[in-house]
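A.B. asks: Dropping a structure here in structure tokens format, bear with me for questions.
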Amino acid sequence: MTERKTLGVGILGAGFIGNFHVRAWQGVRDGDIVAVCSRTLTKAKELAKTAAETGVGTDVASYTDVVDLVRDPRVDAIWVLTPNYTRLEVIRAITDEVIQGRAELTAIAIEKPLGRTVAEATEVLEMVQSAGLLHGYLENQVYAPGLVRAREVIWQRGAAAAGSPYLARAAEEHSGPHNTWFWNGVTEGGGVLNDMMCHSVEAGRFLLTPPGKSSSEWLRPVAVTATIASLKWGREEYARQLKADYPGVVDYTKSPSEDYAHAVFEFVNGDGEPVVVEATTSWSYVGAGLRLSFELLGPEYSMESDTLSTESKVFLSRSLEQSEGEDLIEKQNAEQGLMPLLSDESVSYGYTGENAALTRDFLNGTQPLESLVAGVEVMELLMAAYRAAETGQTVRWPIDLHDFVPAVAKGEWNPRA
């Protein structure tokens, strides 16, 4: 019997998102996690142990130096899951090892967003291309099964008969991120627009593009209008709470990041028709937990999806004393009353589908459709939205945003001043 070949994957980054990816790996057939790297050896060992205990890796190595990870002969591909402000440093370290012949990687997958600016995202893409690596952009929402299947049906049954869809709405909302660096505009590269609208605009592009085609080829950007605001966390009471919960966070009464963003992106599609992506993101949402919602509308059809409309719900009365947790849903805000229950967040949010698709493509030597090129394009759209929000004017293409840095990302934005 021929031994089945699998892709050896190294995980770089052992934080919240690293744990999410490892849990998702239980649905991946074509790859095994063989190593984990983190700045903290304890965290690397903990995640390696999780990988072993969940059956997605055997003898999983632990490293603190990215060079050691890259040189591990069992590592065929690396999943880069480190914070935004480390992106250039770690990609340079990885690609230098490959270019100098000290490592034999075949592929790399990089978590969204690709950088903090168009310049950073472009440099990441160029370094990866120079190293000759296959590459994937880790945008999980375009692999979410509810979205993938709805898109297939809409294009097969609706668009085929009535014409291509013209409006996609995508929103991602929760109460705020888990770590200090997200909250600081300089390290994040902005606020919720950079952190989460990268999801929403790419999900919108995905829905408006026919299955099997690249959004890069099907959609041409035309214009964007946008609004950003500090609605909740810039208030004195909540700014104090933020500093207490996240030591090292900036003073949100003086240098906040936006906790709300709304943008309308106009495109021309492959049929020559005008189409729109309407994206909304928030760190000031109050509800059961993370809410992802999507709509797609065409001439005679529509679809909608909402992750809080779950198959299962649980009710816990006020007589029960409950400890805080995230055992029901990501960014959980309550432990009593009628609560949604997601049976497998990794599947529902698209992490399992994403990792399965990329490992299959990388193992077969195929360049994934959702590549780092998409990551650069998303970054350009986000920077255009920041420019539009700062100026209060519509931004139109063609426009050079290569060196543009949003005021939020420079710590210079304060709408309450």
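The values are calculated or read from the model by the stated rules, or taken from the named source; none is laboratory data. Keep in mind the model is a prediction, meaning the values are calculated, not measured. Note that each Cβ is placed from the backbone with ideal geometry, even for glycine, and that neighbours are counted across all protein chains shown. Accessible surface areas use protein heavy atoms only, side chains included; no ligands, DNA or RNA. Shrake-Rupley method; radii C 1.70, N 1.55, O 1.52, S 1.80 Å.
A.B. asks: From the residues in segment 93-128 that are free of Cβ contacts under 8 Å to residues at least 12 places away in the same chain and not charged (D, E, K, R), which one is least open to solvent (accessible area, probe 1.4 Å)?
C.D. replies: Taking the candidates together, the pick is Gly101.
A.B. asks: Now a separate question. Going through Arg116, Arg87 one at a time, which residue ends up being out of contact with any Lys or Arg (no Cβ under 6 Å at 6 or more places or on another chain), charged (D, E, K, R), under 30 Å from Pro406 (Cα atoms) and part of a loop (DSSP other than H, G, I, E, B)?
C.D. replies: After applying the criteria, what remains is Arg116.
A.B. asks: Can you tell me which residues in segment 199-242 are among the charged types (D, E, K, R) and either free of Cβ contacts under 8 Å to residues at least 24 places away in the same chain or surrounded by fewer than 18 Cβ atoms within 10 Å (Cβ to Cβ) (or both)?
C.D. replies: Lys213, Glu217, Arg220, Arg235, Glu236, Glu237, Arg240
A.B. asks: With respect to the numbered conditions (1) farther than 23 Å from Arg116 by Cβ; (2) of a type outside the set (A, V, I, L, M, F, W, C); (3) surrounded by 21 or more Cβ atoms within 10 Å (Cβ to Cβ), which one is the sole condition not fulfilled by Asp245?
C.D. replies: Condition (3) is where Asp245 drops out.
A.B. asks: Now for a separate question. Among the residues of segment 342-353, is there at least one that is over 19 Å from Leu114 (Cβ atoms) and more than 24 Å from the chain's Cα centre (by Cα)?
C.D. replies: no
A.B. asks: Right, here's the next one. Among the residues of segment 56-84, how many are part of a helix (DSSP H, G or I) and farther than 13 Å from Val9 by Cα?
C.D. replies: Residues meeting the conditions: 4.
A.B. asks: Working carefully through the options Val378, Val373, find the one that is open to solvent by 50 Å² or more (accessible area, probe 1.4 Å), touching a residue at least 12 places away in the same chain (Cβ under 8 Å), assigned to a helix (DSSP H, G or I) and closer than 30 Å to Gly31 by Cβ.
C.D. replies: Criteria check complete, one pass: Val373.
A.B. asks: Here is a follow-up. From the set of residues in segment 381-417 that are part of a loop (DSSP other than H, G, I, E, B), among the hydrophobic types (A, V, I, L, M, F, W, C) and in contact with a helix residue (DSSP H, G or I) (Cβ under 9 Å, 6 or more places away or on another chain), which is least open to solvent (accessible area, probe 1.4 Å)?
C.D. replies: Residue satisfying both the conditions and the ranking: Leu401.
A.B. asks: Let me ask you something else. Quick one: which helices (runs of 4 or more DSSP H) sit completely within segment 129-231 and have at least 1 residues that are under 30 Å from Ser284 (Cβ atoms) and touching an Asp or Glu at 6+ places or on another chain (Cβ under 7 Å)?
C.D. replies: 180-183, 185-188, 192-208
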